[in-house]
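In what follows, a single structure is set out as structure tokens and then discussed.
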Amino acid sequence: MAEVRMYCTRFCPYCIMAIRLLNKKGQEIEKIFVDDDPSLRDRMVRESSGRTTVPQIFINETHIGGYTDMALLDHNDTLDSLLEN
């Protein structure tokens with residue numbers, strides 16, 4: 001199973017949808033709540049090459065983007081292979 005890390009907030013609808021999709025696939029997620037600590041948002045922006053919105057999702061240290069990026073990977077049948085590595 002892959003290592004998934006996601007910067008998120010507790011009330012973001014896209015974060016909730018990302019968590020649901022990953023949970024549906026049986027994937028464990030390290031959730032980093034940027035609403036708890038503003039310095040975490042700064043770290044997210046640095047690690048995601050300037051993206052300021054949540055969620056920002058990393059699979060095995062590779063930044064895949066936000067929820068819509070991940071949903072597109074799932075639609076194209078490539079998300080499962082990323083999660084298997």
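Every number in this text was worked out from the coordinates using simple rules, so none of it is lab data. Only a predicted model underlies this, so the values are computations on that prediction, with no experimental measurement involved. Neighbour counts are summed over all protein chains in view; Cβ atoms, including those assigned to glycine, are modelled from backbone coordinates with ideal geometry.
For beta carbons closer than 9 Å, sequence separation of 6+ or different chains, a first residue in segment 24-39 that is closer than 15 Å to Gln56 by Cα and a second that is in a loop (DSSP other than H, G, I, E, B) and β-branched (Val, Ile, Thr), the qualifying pairs are Phe33/Thr9; Val34/Thr9; Val34/Val54; Asp35/Thr9; Asp35/Val54.
With the requirement that a residue be buried (at least 18 other Cβ atoms within 10 Å of the Cβ), in contact with a helix residue (DSSP H, G or I) (Cβ under 8 Å, 6 or more places away or on another chain) and within 22 Å of Leu73 (Cα to Cα), what does segment 33-58 give you? Val54, Pro55, Gln56, Ile57, Phe58, listed by residue number. Return the residues of segment 28-85 that are on the phi > 0 side of the Ramachandran plot and not in a loop (DSSP other than H, G, I, E, B); say none if nothing qualifies. Scanning segment 28-85 gives a single hit, Gly65.
Taking the listed residues Met1, Met17, the one that is hydrophobic (A, V, I, L, M, F, W, C), in contact (Cβ under 8 Å) with a residue 24 or more places away in the chain, surrounded by fewer than 17 Cβ atoms within 10 Å (Cβ to Cβ) and assigned to a loop (DSSP other than H, G, I, E, B) is Met1, with no other qualifying.
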